[in-house]
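Before any comments, here is the structure.
The values are calculated or read from the model by the stated rules, or taken from the named source; none is laboratory data. Everything quoted here is computed from the prediction, not taken from an experiment. Heads up, the Cβs are rebuilt from the backbone with ideal geometry, glycines too, and the neighbour counts pull from every protein chain shown.
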Amino acid sequence: MAARAGMIGLISELRGYLNDRDSSRWTDDELQGVLDRNRQSFRQVALAFVPRWENSTTVYKEYAIPRVGALRLEGPESGEPAWRLYDSNGVSPEAATYAVDAGEGLITFTADQEGVTYYLDYRLYDVYAAAADGWEDMMGQVSGKYSFTADGATYTRNQWFQHCQAMARQYREKAEGGQGTQIVNWDRSDTNAVEY
């Protein structure tokens, strides 16, 4: 089965994280499955319009998609149920009348929408969590490899397992809710001068 059209960019990104740019290890369908395990689906989400000032007039061409942030958006090319944009009457605008910036989580119409409320059914993916899952899957495939010495030479096949383990840990920390690097500011009250 072929991957959904709106997943092509996500699959390509994940392929890079898994060092599989030549598609020698994973098929598109397999990577789509890994991504689908790390998916969040949203229904009937009201989009926030972003008013802009153009030619001394407020226009409503841009709409922000909530919760995109570090997560990735499945493109509108997938169609329903992965993507559906519609107004309060359930009418979808023509696809040619707007563009989607998946990275920014922004829908931009070609014409002023005059504050019309739009709703969106959409899917978000944690590509870093999917990358961690992929590296963990590879760990399972190489778990039987071991180090040994023969004829005065040392063979360290288990380094591949250790590499997969380290990569899985790295991407798991980057994933949403991961325990990546955190910066905390501390204010010490015992160093402040006290005046009497």
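So the values come out like this:
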read-out	value
Residue that is surrounded by the fewest Cβ atoms within 10 Å (Cβ to Cβ) [pool: residues in segment 101-110 that are at pLDDT 95 or above and touching a helix residue (DSSP H, G or I) at 6+ places or on another chain (Cβ under 8 Å)]	110
Boolean, residue 30 is in contact with a helix residue (DSSP H, G or I) (Cβ under 7 Å, 6 or more places away or on another chain), surrounded by 13 or more Cβ atoms within 10 Å (Cβ to Cβ), assigned to a helix (DSSP H, G or I) and charged (D, E, K, R)	no
Scan of segment 1-34 for residues that are under 18 Å from the mean Cα position of the chain (by Cα) and of a type in the set (Ser, Thr, Tyr), ordered by number	12, 17
Some residue of segment 59-77 being among the acidic types (Asp, Glu), farther than 28 Å from residue 170 by Cβ and either exposed (fewer than 14 other Cβ atoms within 10 Å of the Cβ) or under 15 Å from the mean Cα position of the chain (by Cα) (or both)	no
Qualifying positions in segment 65-99 - in a strand (DSSP E or B), at pLDDT below 95 and under 18 Å from residue 46 (Cβ atoms)	73
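Yes/no per residue for (1) under 21 Å from the mean Cα position of the chain (by Cα); (2) part of a loop (DSSP other than H, G, I, E, B); (3) at pLDDT 70 or above; (4) surrounded by fewer than 16 Cβ atoms within 10 Å (Cβ to Cβ):
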| residue | (1), (2), (3), (4) |
| --- | --- |
| 123 | yes, no, yes, no |
| 130 | yes, no, yes, no |
| 141 | no, no, yes, yes |
| 145 | no, yes, no, yes |
| 172 | yes, no, yes, no |
| 180 | yes, yes, no, yes |
| 186 | no, yes, no, yes |
